[in-house]
Amino acid sequence: MIPVANNRMERIKEEFKRELASIFREIKDPRLSPMVSVVAVEITKDLKYAKVYVSVMGSAQEKDSSMQALKSATGFIKREIGSRLNLRAVPQPTFVLDTSIDYGAHINDLINSLNNN
């Protein structure tokens with residue numbers, strides 16, 4: 001049986017992730033790429049901090065500008081999360097660029113090049 005506290009944290013993470021995806025569509029910053037998606041969310045047990053892994057499709061410059069846009073919109077994002085989720089404490093989001101998709105594509109290219117030889 002899954003402990004109740006762990007199940008609650010999973011529900012909070014999923015709600016946080018869903019609301020973040022919705023908020024990203026509302027941000028009007030031109031630096032933010034339209035191809036930004038939330039990959040995963042890690043929230044501390046005390047609900048003070050949230051590490052948000054985001055994936056950005058595009059060039060390195062688009063990735064950098066999107067990360068800057070997210071960092072500058074952190075206050076807006078935290079306020080929106082607070083108004084949408086019924087939590088005692090709203091976690092402070094920290095955005096981390098997730099490169100696992102790029103890494104997977106690179107590995108796939110390497111495998112394809114080995115198969116062609």
What does DSSP give for the chain in terms of the percent of beta bridges that are antiparallel, rounded to the nearest 5?
55 percent
With every protein chain kept in place and ligands, DNA and RNA left out, what is the accessible area per residue of the chain? Probe 1.4 Å, answer in Å².
67 Å²
Could you please tell me the mean projected area of the C-alpha convex hull for the stretch 45-94, averaged over all directions and given in square nanometres to one decimal?
3.8 nm²
³J(HN,Hα) computed for each position of the stretch 85-94 - Karplus, 6.51 cos²θ - 1.76 cosθ + 1.60, integer Hz, glycine/proline x:
9, 8, 10, 5, 10, 8, x, 7, x, 10
Hey, what did the chain get for relative contact order, percent, Cα under 8 Å, at least 6 apart?
26 percent
Kindly count the pairs of lysines across the chain whose alpha carbons are less than 23 Å apart, treating pairs on different chains or eight or more residues apart as eligible.
25
What number comes out for the charge environment of Ala73, summing +1 per Lys or Arg and -1 per Asp or Glu over other residues with Cβ under 12 Å away?
+2
Expected output is a single nm value to one decimal: the length gained when fully extending between Asp46 and Arg88, i.e. 0.36 nm times separation in residues minus the C-alpha distance. What is it?
14.1 nm
Hey, how many Å between the Cα centroid of the stretch 92-117 and the Cα centroid of the stretch 54-75?
18 Å
Qualifying trypsin sites (Lys or Arg not before Pro) for the stretch 1-77 [loop in DSSP, other Cβ within 10 Å: at most 11]
Lys28, Lys45, Lys48
Can you send over the carbon and sulfur percentage of the accessible area for the chain, probe radius 1.4 Å, protein chains only?
53 percent
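The values are calculated or read from the model by the stated rules, or taken from the named source; none is laboratory data. Everything numeric in this text was worked out from a predicted model, so none of it was measured. Note: ideal-geometry Cβ built from the backbone for every residue, glycine included; neighbour counts use all protein chains shown. The protein model used for the area step is the full one, side chains on, heavy atoms only, and it has no ligands, DNA or RNA in it. Shrake-Rupley method; radii C 1.70, N 1.55, O 1.52, S 1.80 Å.
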